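Read through the structure below, which is laid out as structure tokens, and then see the notes.
Taken together, the values in this text are just the output of simple stated rules run on the coordinates, not laboratory data. Everything numeric in this text was worked out from a predicted model, so none of it was measured. Quick reminder, even Gly has a Cβ in these numbers, built from the backbone with ideal geometry, and neighbours come from all protein chains shown.
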Number of protein chains: 2
Amino acid sequence: MSDFVQSLERGLAVIRAFDADHPEMTLSDVARVTGLTRAAARRFLLTLVDLGYMRTDGRMFMLRPKVLELGYSYLSSLGLPDVAQPHLEKLALEVHESCSVSVLDGSDIVYVARVPTKRIMKVMIEIGTRFPAHATSMGRVMLAAQDNMDFLDTPLPALTDRTITDPVELKAELVRVRAQGWSMVDEELEHGLRSIAAPIRNKGKVIGALNISTHVSRPIDSVHTELVPPLLTTAEAISRDLPS
Amino acid sequence: MSDFVQSLERGLAVIRAFDADHPEMTLSDVARVTGLTRAAARRFLLTLVDLGYMRTDGRMFMLRPKVLELGYSYLSSLGLPDVAQPHLEKLALEVHESCSVSVLDGSDIVYVARVPTKRIMKVMIEIGTRFPAHATSMGRVMLAAQDNMDFLDTPLPALTDRTITDPVELKAELVRVRAQGWSMVDEELEHGLRSIAAPIRNKGKVIGALNISTHVSRPIDSVHTELVPPLLTTAEAISRDLPS
């Protein structure tokens, strides 16, 4: 396609080549990881150094904090995280459980705000983390709001032995969730994890979801009486605070 | 410079053109904000749509969550945030004040991890936020570790009427901080804000800083007896946990 700017694709691939396993790389490392020639890798690395996104000691290259500002262009343009954050903190304090906000991106949910508690086990979820929407409580309230559910006709992957993988069964569950106004998912994403979610609306349209995640050892009765009411109240408060 | 890839610079500028004030833009908006021709803006926007970083309804363009992954390349390659987070949560719970970790980037500090408390006033500091190093407690412990302080010879901006702006005076304070092993900054960044910080070391080298921020209404005695000891203990614990 003639409108495609390959240099931009390659430059972004050079940024993404760096991670926990590759915090510092030589020119040869970057060329190998990205599949670029050494000459091309060198031009992209030097351009990123020049723009302040990367630094080098002459041999090793590493990312600089300015790269964070790219990610924050998205969070800032979304608006939702800033509005949701104080509500999440109040909710987490009230229910003593971790609370999160996510948006739907294709068939995934992506976390855009989160307040963890000490109670949660090993789960350490960061902003930007993705999960398959069909296996999460937040994904279900957002999928339930879609007019057309044909996109669910492909096979759904199982994340535990409890994940709903049958599209027909999932659609029935989404219809139920839509009528109920909130969803619960029990160990379908991860063993031991139970989560409830409610939709966040802007001008009547579902644009995100709020959840409370807890351990399955918490009795279902207590989820209904102690967690669902503050979940719904908080989701409505966030929806009201969004710029219209 | 022949090694400079202008397409990469322009593509990154298109991403950064989106923010809270410009969450959605038309092709013409993007051309105007970035100074690109409409033809060039169109090529960059369509490339970003193609790569999954942006979506469009045919008229308006907006960023997609994949942009977050660019920012997380940096956080992940740094390693420090993941190691520091559980220590920050423990410390914030113990001292009931907000705690943060930052790194030095030029003459700025950049927040890379943070646990807020309800106690803190209006300050809502996000990951990626920058402050001038000379006016912050974290900046001072990191500046104090530099062998060469000549970079402080330029005039220092005042953020409040209490900010140290005289390079000679600041150097004397940095020498004191270096000997003491921690720093305190009182309303030099913002009125009402008092902050203490200690260095985080990897293989003996200062690579970041940990702080506790509090209100000036907390007596100085209580800062010395209740906040400084857990600050130093936690900074050492994070340093010990870093991969060597």
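Which whole number gives the average, over all residues in A:77-85, of C-beta atoms from other chains lying within 10 Å of the residue C-beta? Don't jump to the answer; show the numbers that get you there.
Details: counts 13, 7, 3, 0, 1, 3, 0, 0, 3.
The mean count of partner-chain Cβ atoms within 10 Å per residue comes to 3.
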Picking from B:G192, B:G208, B:G52, which is most flexible by a Gaussian network model of chain B using Cα springs under 10 Å?
B:G52
Low-density loop cleavage sites - trypsin sites (Lys or Arg not before Pro) in region B:198-232, where at most 13 other Cβ are within 10 Å (DSSP)
B:K203
Long-range amide H contacts for B:V5: which residues qualify at under 5 Å (H placed 1.01 Å from N, peptide plane, sequence gap of 5 or more or a different chain)?
A:T47
Would you mind putting A:127-137, B:89-99 in packing order, based on average other-beta-carbon counts within 10 Å, highest first?
A:127-137, B:89-99
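Suppose every K and R has +1 on its Cβ and every D and E has -1 on its Cβ; what is the size of the dipole of chain A about the Cα centre, in Debye to the nearest 20?
On the way: 27 positive and 31 negative charges, 144 e Å.
With only Lys, Arg, Asp and Glu charged at Cβ, the dipole is about 700 debye.
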Rounded to a whole number, the mean other protein chain Cβ count within 10 angstrom for residues of B:11-22 is 5
Connecting C-alpha atoms closer than 10 Å in a GNM of chain B, tell me which of B:N211, B:N148, B:N202 has the biggest fluctuation.
B:N148
Quick check for me: using +1 on Lys/Arg Cβ and -1 on Asp/Glu Cβ, what's the dipole size of the protein assembly as shown about its Cα centre, in debye to the nearest 20?
580
Test of understanding: express the Cα radius of gyration of region A:6-66 as a ratio to 2.2 N^0.38 Å, with N the residue count.
0.96
Rank A:L48, A:L232, A:L12 by mean-square fluctuation in a GNM of chain A with C-alpha springs under 10 angstrom and give only the top-ranked residue.
A:L12
Output ³J(HN,Hα) for region B:202-212: one whole-Hz value per residue in order, computed from phi by the Karplus curve 6.51 cos²θ - 1.76 cosθ + 1.60 with θ = phi - 60°, and x for Gly and Pro.
10, 6, x, 9, 6, 10, x, 9, 10, 10, 10
Going by a ≥ b ≥ c, the root eigenvalues of the Cα gyration tensor, does region A:1-140 fall in the rounded group (a/c under 1.5), the prolate group (a/b larger than b/c) or the oblate group?
prolate
For Cα pairs less than 8 Å apart in space and 6+ apart in sequence, what is the mean separation divided by the residue count of chain B, i.e. the relative contact order in percent?
14
Sort A:59-69, A:213-223 by packing, meaning the average of other beta carbons within 10 Å per residue, with the highest value first.
A:59-69, A:213-223
In vacuo Debye scattering of chain A, one point per C-alpha: log10 I(q)/I(0) at q = 0.14, 0.18 Å⁻¹?
-0.96, -1.22
Mind checking the mean number of beta-carbon atoms from other chains within 10 Å of the Cβ atoms in B:95-105?
1
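Could you give the dipole magnitude of region A:1-112 about its Cα centre, charging the beta-carbon of Lys and Arg +1 and that of Asp and Glu -1, in debye to the nearest 20? All intermediate terms of the calculation are to be shown ahead of the outcome.
Values: 11 positive and 15 negative charges, 154 e Å.
With Lys and Arg at +1 and Asp and Glu at -1, about 740 debye.
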Whole-Hz couplings from phi, Karplus 6.51/-1.76/1.60, listed for region A:101-113; x for Gly and Pro
10, 9, 10, 8, 9, x, 9, 10, 9, 10, 5, 10, 7
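Provide the packing ranking of A:172-180, A:37-45, i.e. peptides ordered by the mean count of other C-beta atoms within 10 Å per residue, highest first.
Working: A:172-180: 15.2, A:37-45: 17.9.
The most tightly packed comes first, giving A:37-45, A:172-180.
Helix-derived [θ] at 222 nm for chain B: sum -39500 (n - 2.57) over DSSP H runs of at least 4, divide by residue count, nearest 500? Let's see the in-between values first.
Numbers: 8 runs with 97 residues, N = 244.
Computed ellipticity for chain B at 222 nm equals -12500 deg cm²/dmol.
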Based on the alpha-carbon gyration tensor of the protein assembly as shown, what equivalent-ellipsoid semi-axes (square roots of 5 times the eigenvalues) come out, in whole Å, largest first?
38, 31, 21
Cut-off under 5 Å, modelled amide H: who pairs with A:N202 long-range
A:I207
Sorted by chain and number, the residues with a modelled amide H under 5 Å from that of B:I109, at a separation of 5 or more or across chains, are B:F131, B:A133
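Quick one: grab the alpha carbon gyration tensor of region A:176-244, order the square roots of its eigenvalues as a ≥ b ≥ c, and give me rounded if a/c is under 1.5, else prolate or oblate depending on whether a/b is larger than b/c. Walk me through the numbers before you get to the answer.
On the way: a/c = 2.32, a/b = 1.95, b/c = 1.19.
Since a/c reaches 1.5 and a/b is larger than b/c, the shape of region A:176-244 is classed as prolate.
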